[in-house]
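Notes follow once the structure below has been shown.
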Amino acid sequence: MKKGSKRFFTLLMFSFLSGHIIAQSTIYVCASATGGNIGTSWTNAYISLQSALDAAVFGDQIWVAKGTYKPSYDYGSGGGSRYYHFELKNGIAVYGGFAGTESTLNQRADFGQGEINETILSGDLNNNDVFDVANGGYQGTSGNDNCYHVLYNTNLTNTALIDGFTITGGNANGASEPYNDGAGMLLSASSPTIRNLVFTSNSSGNRGGAMHLWESSPEIRNCTFTENKSTHGGGVCIIITSVPVLTNCLFVYNYSQNGGAVECFNSSAQFTNTTFAMNTASAYWIFQ
């Protein structure tokens, strides 16, 4: 066997033994794509983020162009559209903030901050939310037609990455856990890499208006939490041996009865260069 062929065979066997083949392909998503809808280019992009997540395998990147994307899959709950949510996958990097013409990742002009190419993941399934600053960021006519969670994930490692999105319209007002926790993102036993996200106008009836962390220790960098609402932790609720690391983040205008911006229970958190401003807690404050 030639030396080069032997090396390739060794790498191939290692990939099989590791449980996956490292594909390192780019899958494209664009809500306005008019081509073949197979994810192979911007012209032939999937119009649904869910389709791209279903197709992705370990090592892939998903590039998502500006626009609004909504979850469309009921993950086994059998309860209808309020249970729809996106799920990240280990080994998959999901990037938003593209215009839909880029050929390299560093050509993105915006990273989900709402200035250019805003890429929105929304739980507002029926397009009837009404912006309402006076009500602590809560949106919706009755609030009973939005997804409980925009993203809901378990057992993620730091190989799962999400970068460059606005996450909005989650309304976790279910009768019991977990459907009253983590309206924007709920993480259970998960520690993904989270970068350049804006969480805004998500509402939880119990814990974590924007994000709820249960036994989860993600890296959270360059994220903004604004106008989210809950009973515990208007922005983020951190519980049960979670140890998240937050760097270069902003918490502003979040509301809760307990912990306007962040509530931390039986856990710890590391904050670096993170700003807290104009958050409100009506009962008592923890990281208000």
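Things to note:
- The set of residues in segment 146-176 that are among the hydrophobic types (A, V, I, L, M, F, W, C), in contact with a strand residue (DSSP E or B) (Cβ under 9 Å, 6 or more places away or on another chain), over 22 Å from F98 (Cα atoms) and without any contact (Cβ under 8 Å) to a residue 60 or more places away in the chain contains only A172.
- Residue in segment 176-190 that is hydroxyl-bearing (S, T, Y), farther than 27 Å from G79 by Cα and in contact with a Pro (Cβ under 9 Å, 6 or more places away or on another chain) present: no
- Once segment 49-86 is narrowed to residues that are under 18 Å from T168 (Cβ atoms) and part of a loop (DSSP other than H, G, I, E, B), the residue that is nearest to the chain's Cα centre (by Cα) is H85.
- Evaluation of R195 against the conditions (1) basic (K, R); (2) surrounded by fewer than 24 Cβ atoms within 10 Å (Cβ to Cβ); (3) in contact with a helix residue (DSSP H, G or I) (Cβ under 8 Å, 6 or more places away or on another chain) shows that the sole unmet condition is (3).
- The set of residues in segment 34-52 being over 21 Å from E87 (Cβ atoms), surrounded by 15 or more Cβ atoms within 10 Å (Cβ to Cβ) and hydrophobic (A, V, I, L, M, F, W, C) consists of W42 alone.
- Total residues in segment 229-241 satisfying the condition of being touching a strand residue (DSSP E or B) at 6+ places or on another chain (Cβ under 7 Å), over 20 Å from T166 (Cα atoms) and part of a loop (DSSP other than H, G, I, E, B): the figure is 1.
- Selection over segment 242-275 of residues that are in a strand (DSSP E or B), in contact with a Leu (Cβ under 8 Å, 6 or more places away or on another chain) and either acidic (D, E) or under 15 Å from M211 (Cβ atoms) (or both) gives a count of 1.
- Subset of segment 53-74 [touching a Phe, Trp or Tyr at 6+ places or on another chain (Cβ under 6 Å) and buried (at least 19 other Cβ atoms within 10 Å of the Cβ)]: W63, A65, P71
- Pick from segment 143-155, criterion surrounded by fewer than 23 Cβ atoms within 10 Å (Cβ to Cβ) and within 15 Å of the chain's Cα centre (by Cα), ranking: farthest from F86 (Cα to Cα): N155
- Scanning segment 216-260 for residues that are of a type in the set (A, V, I, L, M, F, W, C) and surrounded by fewer than 20 Cβ atoms within 10 Å (Cβ to Cβ) yields a count of 5.
- Only residues that are surrounded by 19 or more Cβ atoms within 10 Å (Cβ to Cβ) and either modelled with pLDDT of 70 or more or part of a strand (DSSP E or B) (or both) were counted across segment 119-142, and they come to 7.
- Test: residue in segment 100-113 that is modelled with pLDDT under 90, surrounded by 14 or more Cβ atoms within 10 Å (Cβ to Cβ) and in contact with a Ser or Thr (Cβ under 8 Å, 6 or more places away or on another chain): yes
- Count of residues meeting criterion [crowded, with 24+ Cβ neighbours inside 10 Å and either aromatic (F, W, Y) or assigned to a loop (DSSP other than H, G, I, E, B) (or both)] in segment 157-178: 3
- The selection criterion, being modelled with pLDDT under 90, over 30 Å from N173 (Cβ atoms) and touching a helix residue (DSSP H, G or I) at 6+ places or on another chain (Cβ under 7 Å), holds for I22.
- Per-region count, segment 184-214, residues touching a Leu at 6+ places or on another chain (Cβ under 6 Å) and assigned to a strand (DSSP E or B): 5
The values are calculated or read from the model by the stated rules, or taken from the named source; none is laboratory data. Since we're looking at a predicted model, the values are computed, not measured. Cβ atoms come from the backbone with ideal geometry, glycine included; neighbour counts cover every protein chain shown.
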